[in-house]
Amino acid sequence: MSNLHSEQEGPPHLIKLQYVHHAGLTRREILAIRICADYTRVEAGQIMNISKFTIKNHLDNVISKLRASSAANAIYLVEKSGLISPEVEAEADDLIRRWWATTPHKEQEVPSFGHAQP
């Protein structure tokens, strides 16, 4: 990361946000990060219909590509960078709603999904 800072001007957190756009994250990695922002790895795996180990691999890949210090740091960087497109947000919301409808907590109110409100 020190190399990244020495090559560009500005505070490290702003440089890191600029770098996120060139890190080569896949759509699935971005989707996994988006879902992991609000759910556990086990829940994220259930939501995406993949194993918790695949979720862990997605998170590890994102952490590595972004040179993030943790999953929480990677989530922060992806959210603040604007990489979560409306299409990815809509896909995450759809997957979460489907998962929510098939889990035992049907008697509870369905949470409001997404960051953008109509």
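The values are calculated or read from the model by the stated rules, or taken from the named source; none is laboratory data. Keep in mind that what you see is a predicted model, and the values were worked out from it rather than measured. Virtual Cβ from ideal backbone geometry, glycine too; neighbours counted across all protein chains shown. Accessible surface areas use protein heavy atoms only, side chains included; no ligands, DNA or RNA. Shrake-Rupley method; radii C 1.70, N 1.55, O 1.52, S 1.80 Å.
Does Gly45 qualify as being at pLDDT below 95, of a type outside the set (Val, Ile, Thr) and out of contact with any Pro (no Cβ under 7 Å at 6 or more places or on another chain)?
Taking the combined requirement at face value, the residue does not satisfy it.
Can you tell me which residue is modelled with the highest pLDDT among those in the range 92-116 that are open to solvent by 30 Å² or more (accessible area, probe 1.4 Å) and touching a helix residue (DSSP H, G or I) at 6+ places or on another chain (Cβ under 6 Å)?
In this case the residue turns out to be Leu95.
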